[in-house]
Amino acid sequence: MINGGVDFSSELALNEEVIKRLRAIHLVACGTSYYASLIAERAFERWCDLDIKVDVASEYRYRNIRLSPNTLAVFVSQSGETADTLAAQRRARELGAYSLAVTNAKESTLASCCDDVLLLKAGPEIGVAATKTFTGQIAVLYLLAIYIAKVRGTLTPRMEKELIDELIRLPYKIEATLEREHVVEELASNFSGSQSFLFFGRGISYPVALEGALKLKEVSYIHAEAFAAGEMKHGPIALIDSNVPVLIVAPKDSLHEKTLSSIKEAKARRAPVIAVGFDGDEQLANDASHVLYVPPTREEFSPFVTVVPLQLLAYYMAKKRGCEIDSPRHLTKSVTEE
């Protein structure tokens with residue numbers, strides 16, 4: 001499917017005729033799956049000529065959503081048993097949408113209820129806090145976006161090949177990032193006593209910041225909030241001082257200069273600034289207090305590598321604080337009740 005281009009025709013009942021009739025795609029999920037969907041939203045917008053909507057399942061099911069057979073409703077759930085996602089799927093199907101499950105559980109309720117299924121095939125996720133399935137969800141959603149764009153003629157064969165080639169390189173870049181975990185561990189030692197963190201990101205890095213803050217909350221019990229970096233002056237800046245570390249996701253992309261200005265704003269208020277950026281970005285080293293470098297990649301694929309240091313940071317912060325990492329308090333692997 002990859003080396004010869006993206007072709008889901010043997011896996012999906014969703015055929016080319018239906019894809020060509022589509023007018024909208026809705027991505028619906030909760031928690032980490034929702035943040036993966038927010039990242040994928042940017043890819044769908046860039047490569048497809050369709051209206052794209054992303055919503056939290058617990059909100060989607062109660063809204064006056066307009067759906068039709070020309071709407072592809074994609075429900076993303078690692079376990080396939082999330083109660084709100086299942087309820088949202090039932091509502092979408094009642095209104096006539098074509099429903100597709102993106103899940104890691106072949107025998108799940110969601111897989112059996114939807115018209116179609118795309119499996120992550122990521123293997124068991126041992127910890128309650130999802131990590132590898134987050135990456136798997138982005139990958140599957142990206143492949144779906146490329147496939148739909150290919151069928152609808154909005155992606156040239158040359159661009160498809162470039163995207164697939166970069167997808168093939170990503171595992172090696174993620175592996176290279178994981179090999180630098182000692183840098184993250186040292187950083188965690190410096191900040192494990194912090195009571196609050198602020199995360200920022202722009203464009204496709206904003207959902208990465210959201211996921212980074214969620215992971216830190218889930219396993220280390222440190223208060224963490226994430227914002228779009230452009231919103232810093234619209235309220236969050238009031239929280240910034242020398243006691244609040246600021247983590248900014250800053251790959252060298254089309255919004256890089258804007259992101260650098262946010263780093264400078266935080267530094268001007270004496271906050272310790274941790275930046276996640278691409279190798280060779282010397283400007284980050286000048287502006288931020290600490291930099292976690294990752295291998296460079298295409299802008300659309302930056303979340304695959306920039307999220308890894310955030311996951312590692314949450315892990316090592318929790319470890320330094322003596323927290324139970326695989327089974328955080330009050331959390332369950334699958335939220336089966338409202």
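Below are the figures for this structure:
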{"quantity": "Helix axis angle, 157-178 relative to the chain longest principal axis, alpha carbon, degrees", "calculated": "40 degrees"}
{"quantity": "Where Met159, Met317 fall by accessible area, highest first, once all protein chains stay in place (1.4 Å)", "calculated": "Met159, Met317"}
{"quantity": "Within straight-line cross-link reach of Lys267, aspartates and glutamates at Cα separation under 19 Å, skipping those fewer than 8 residues along the same chain", "calculated": "Glu225, Glu231, Asp241, Glu257, Asp281, Glu282, Asp287"}
{"quantity": "Lys264 - accessible surface, heavy atoms, 1.4 Å probe, Å² rounded to 10", "calculated": "110 Å²"}
{"quantity": "Percent carbon-and-sulfur accessible area, the chain, ignoring ligands, DNA and RNA, probe 1.4 Å", "calculated": "48 percent"}
{"quantity": "Segment 1-151, relative contact order [Cα under 8 Å, separation at least 6], %", "calculated": "26 percent"}
{"quantity": "Within the chain, helix-based [θ] at 222 nm, where runs of 4 or more DSSP H residues each add -39,500 (n - 2.57), nearest 500", "calculated": "-14000 deg cm²/dmol"}
{"quantity": "Packing-based order for 9-18, 71-80, using average beta carbon neighbours within 10 Å, highest first", "calculated": "71-80, 9-18"}
{"quantity": "Set of lysines near Lys121 by C-alpha distance (under 25 Å), chain-local residues within fewer than 8 positions excluded", "calculated": "Lys106, Lys132, Lys150, Lys161, Lys173, Lys215, Lys333"}
{"quantity": "Two-site label geometry, Tyr62 and Arg169: point separation in nm, points 7 Å out along Cα→Cβ", "calculated": "4.6 nm"}
{"quantity": "Euclidean distance of C-alpha centroids, segment 255-278 and segment 77-144, integer Å", "calculated": "35 Å"}
{"quantity": "Surrounding net charge for Arg23, when Lys and Arg each add one and Asp and Glu each subtract one, Cβ distance under 15 Å", "calculated": "+1"}
{"quantity": "Degrees separating the helix 256-268 axis from the principal Cα axis of the chain, which is the longest one", "calculated": "40 degrees"}
{"quantity": "Glu185 paired with Arg90, simple spin-label distance in nm, labels 7 Å along Cα-to-beta-carbon", "calculated": "4.8 nm"}
{"quantity": "Per-q log10 I(q)/I(0), segment 219-274, q = 0.14, 0.24, 0.29 Å⁻¹ (Debye; single scatterer per alpha-carbon; no solvent)", "calculated": "-0.37, -1.00, -1.32"}
{"quantity": "Mean separation of Cα contacts under 8 Å (6+ apart) over length of the chain, as relative contact order %", "calculated": "18 percent"}
{"quantity": "Label-point separation, Ser192 to Glu162 (7 Å along Cα→Cβ), nm", "calculated": "4.5 nm"}
{"quantity": "Cys30 accessible area, 1.4 Å probe, all protein chains in place, Å² to nearest 10", "calculated": "40 Å²"}
{"quantity": "Under 20 Å from the Cα of Lys319 - aspartates and glutamates, other chains or at least 8 residues apart", "calculated": "Glu125, Glu179, Glu181, Glu185, Glu186, Glu211, Glu218"}
{"quantity": "Heavy atoms of His256 accessible to a 1.4 Å probe, total area in Å² rounded to 10", "calculated": "10 Å²"}
{"quantity": "Exposure ranking of Asp55, Asp115 by accessible area [1.4 Å probe, largest first]", "calculated": "Asp115, Asp55"}
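The values are calculated or read from the model by the stated rules, or taken from the named source; none is laboratory data. Keep in mind it's a predicted model, so treat the numbers as computed, not measured. In this analysis, Cβ positions are derived from the backbone assuming ideal geometry, glycine residues included, and neighbour counts consider all displayed protein chains. Surface accessibility is based on the protein's heavy atoms, side chains included, excluding ligands, DNA and RNA. Shrake-Rupley method; radii C 1.70, N 1.55, O 1.52, S 1.80 Å.
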